[in-house]
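Okay, structure first, notes after.
The values are calculated or read from the model by the stated rules, or taken from the named source; none is laboratory data. Since this is a predicted model, take the numbers as computed values, not measurements. FYI the Cβ positions are ideal-geometry reconstructions off the backbone, even for glycines, and counts take in every protein chain you see. Only protein heavy atoms, including side chains, enter the accessible area calculation; ligands, DNA and RNA are left aside. Shrake-Rupley method; radii C 1.70, N 1.55, O 1.52, S 1.80 Å.
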Amino acid sequence: MYKRIFQVLLVSIYCIDLTAQSFTPIGTVDPSKYVPRQKEIAFSNIGMVTTQHFLATEIGEDIIKSGGNAYDASVAIGFALAVVLPRAGNIGGGGFMVMHDADLNANFAIDYRERAPIESSKDMYLDTDGAVIPNRSTLGYLSSGVPGTVAGLWSVHQRFGSMEWEELLAPAIKLAKEGFEVTPYMQDMLVKYHRKLSKFPETKKIFQSNYPVFNKTLFIQKDLAETLEIISKKGRDGFYRGKVASKIAKDMKSNGGIISKKDLRNYEPVWREPLIANYRGSEIITMPPPSSGGVHIIQMLNILENYELSSMKHNSKEYINILGEVMKYAYSDRSKYLGDPDYFDVPITMLTNKGYANNIFSKIEVGKATPSSEINPGMYIDKESFETTHFSVVDSDGNVVSSTYTLNSSFGSGVVIKGTGILMNNEMDDFSVSPGVPNQFGLLGAKANEIVPGKRPLSSMTPTIAFKDNEFFFTTGSPGGARIISAVLQSILNMIDFNMDVAEANNAIRIHHQWQPDRLEIEFGIDGDSSKWLTEAGYTLKIIKPATNLQLIMKKNGTYSGYGDFRRPDSFALGVTND
Ligand code: DON
């Protein structure tokens, strides 16, 4: 493992950053600074849990060991991450979950994405001249959507849970009340985001009282513990009605925010039909809109099925070239066609159609980069006929849960609601605030993703499960904004086409192209020969620090293996044991 990271870093020394653009990846980390918690692949015949924080992983493992199922463990993990991973884990945000139920032999998906408040409007982030007001959709009270996490976890528990709700919140409450040790990585994040976390007094009191030295101190969140206790006693109503809801609405009103009691009362998660596709004999089960992830994973796999990828060298220049081209077409379509399906007719069938993929395939020339300016959304449609964290759990019955949830940016809007410990999301920035103006991830959008009260902003989160021969094969998912879709795609290719184990699939260098800006991002770097070849083919190359973090679980020959991504060093997979 260390050897691998070392190789990766060594290769990066030979790379040159050739881009002229200055779009900075969000939340990047230099993993070489930390000792990753995951030192080797975790194995188990009983079950597996993987999350971005080892304490949450241990809680999930403990739930399964004590007789809970994957859904129970996921609920406990969801609440635990809100305490130990405050930059992304949350109760003030939202997300998506894809599930396979072993008893029913059926797949499910729940959308617990945030919704635009009733008082929101299409132009709410624009000034009177129609120009975007800097930071308004990303920082402070006005940047939050109505949170969905508590309602989502409640709904999953109501439908599939086997343990008492209170038992599942107890570990998170304990961690919030008694505190936990800040890791070196968390220490660095709390320092890195000092300005953001100091802007609002309530947030500063909780997150910056020990600035600049948090390391080895116990991090206690008293107000959050009380809020979690209320949710534990009252269920979802503990968040969406009563004391907590009143505090959210009151604090919003006093500070120019618009989330009201009615917004909270009205919030409902949506059970949606998961998208299912076949890729080289594996069944890919993934998230439908309002996440764009599933649609574009399927679209890109359909195009890639035309190539014999397994006969190519992994991450060779030709392979990177093909992936780069395929990603451009998919992200271009995302900008026009993807949005909340309850408000916009998303052409899912057209985008995931093999014929459409074949048309795109026939236009791709290896050795050549088609400039993004020559690629438009939907170009080759047949005339006849769009800071986050991921966790995965599998249990001994064969239930599988894959969930990605978020506050959007690291520490979301920067706002903690007075007296509650709830850190709020800045998910309104995932809407297209103005046509042609990219969001913080550089993503463009259109009508499909404009702000409408009640609507959900378009997402890239892509929780995914794969089956082969009717047996669970793997589960994958990642944070990383726009880069989530390309990271999940590459994990699928690594495990299906290149037969990699979970560590190899995780450690391999990832590339990313999102059509606009027109540049090919490569993590860490590539060798000089490939760099030259790709530049001559027409790419603008940009070497980046990692911005994604895959959590992978695989099953092979009856044994589960799991691996937490070294890119965020507290990540950890743990096999369920009997003792
Ligand atoms: O839903 C989305 O696509 C974004 N809000 C995700 C943000 C994210 O992944 C940030 N994490 N690094």
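This table checks each residue for (1) touching a Phe, Trp or Tyr at 6+ places or on another chain (Cβ under 9 Å); (2) not charged (D, E, K, R); (3) not in a helix (DSSP H, G or I).
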position	(1), (2), (3)
Leu168	yes, yes, no
Ile173	yes, yes, no
Met186	yes, yes, no
Leu190	yes, yes, no
Lys196	yes, no, no
Ser209	no, yes, yes
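Please tell me if Asp101 is of a type in the set (Asp, Glu) and at pLDDT below 95.
no
Those residues that are closer than 20 Å to Tyr125 by Cα and under 28 Å from the mean Cα position of the chain (by Cα), I need them from the stretch 252-278; list them, please.
Of everything in the stretch 252-278, those that are closer than 20 Å to Tyr125 by Cα and under 28 Å from the mean Cα position of the chain (by Cα) turn out to be Met252, Gly257, Ile258, Ile259, Ser260, Asp263.
Have a look at Leu85, Leu18 and point out the one that is in contact with an Asp or Glu (Cβ under 9 Å, 6 or more places away or on another chain) and either at pLDDT 95 or above or more than 30 Å from Asp101 (Cα to Cα) (or both).
On inspection, the qualifying residue turns out to be Leu85.
Would a scan of the stretch 429-449 turn up a residue that is acidic (Asp, Glu) and more than 11 Å from the ligand (Cβ to nearest atom)?
Taking every residue of the stretch 429-449 in turn, none turns out to be acidic (Asp, Glu) and more than 11 Å from the ligand (Cβ to nearest atom).
Identify all residues within the stretch 528-568 that are acidic (Asp, Glu) and closer than 23 Å to Asn499 by Cβ; write none if there are none.
Asp565
Within the stretch 151-165, how many residues are charged (D, E, K, R) and part of a helix (DSSP H, G or I)?
Taking the stretch 151-165 as the starting set, the residues that turn out to be charged (D, E, K, R) are 159, 164.
From the residues that got through so far, the ones that are part of a helix (DSSP H, G or I) too are 159.
Adding up the residues that qualify gives 1.
In the stretch 345-362, what count of residues is obtained for those that are β-branched (Val, Ile, Thr) and assigned to a loop (DSSP other than H, G, I, E, B)?
2
Suppose we filter Asp342, Asp397 for residues that are under 24 Å from the mean Cα position of the chain (by Cα), in a loop (DSSP other than H, G, I, E, B) and either surrounded by 16 or more Cβ atoms within 10 Å (Cβ to Cβ) or not β-branched (Val, Ile, Thr) (or both); which single one remains?
The unique qualifying residue is Asp342.
List the pairs whose first member sits in the stretch 543-567 and is in a strand (DSSP E or B), whose second member is open to solvent by less than 40 Å² (accessible area, probe 1.4 Å) and charged (D, E, K, R), and whose Cβ atoms are under 7 Å apart, counting only residues at least 6 apart or on separate chains?
Final answer for the pair search is Ile544/Glu521; Ile544/Glu523; Gln551/Asp565.
Consider Phe108 carefully, then state whether it is assigned to a strand (DSSP E or B), open to solvent by 10 Å² or more (accessible area, probe 1.4 Å) and of a type outside the set (Val, Ile, Thr).
Spelling it out, Phe108 is indeed assigned to a strand (DSSP E or B), open to solvent by 10 Å² or more (accessible area, probe 1.4 Å) and of a type outside the set (Val, Ile, Thr).
Of the residues that sit in the stretch 373-390 and are acidic (Asp, Glu) and more than 16 Å from the ligand (Cβ to nearest atom), which one is modelled with the lowest pLDDT?
By that ranking, first place goes to Glu384.
Which members of the stretch 484-493 meet the condition of being under 8 Å from Thr548 (Cα atoms) and either more than 8 Å from the ligand (Cβ to nearest atom) or assigned to a loop (DSSP other than H, G, I, E, B) (or both)?
Across the stretch 484-493, the qualifying residue is only Ala487.
Scan the stretch 520-535 residue by residue and report those that are within 14 Å of Pro371 (Cβ to Cβ) and surrounded by fewer than 22 Cβ atoms within 10 Å (Cβ to Cβ).
The answer is Thr535, and nothing else.
Only one of these conditions is not met by Ser332: (1) closer than 30 Å to Asp72 by Cβ; (2) under 21 Å from the mean Cα position of the chain (by Cα); (3) of a type in the set (Gly, Ala, Ser). Which number is it?
(1)
Listed here are the residues, each with its yes/no results for (1) among the aromatic types (Phe, Trp, Tyr); (2) assigned to a helix (DSSP H, G or I); (3) more than 29 Å from Val156 (Cα to Cα); (4) open to solvent by less than 10 Å² (accessible area, probe 1.4 Å).
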| residue | (1), (2), (3), (4) |
| --- | --- |
| Lys216 | no, no, yes, no |
| Leu224 | no, yes, no, yes |
| Lys233 | no, yes, no, no |
| Leu264 | no, yes, no, yes |
| Trp271 | yes, no, no, no |
| Ile303 | no, yes, yes, yes |
| Lys313 | no, no, yes, no |
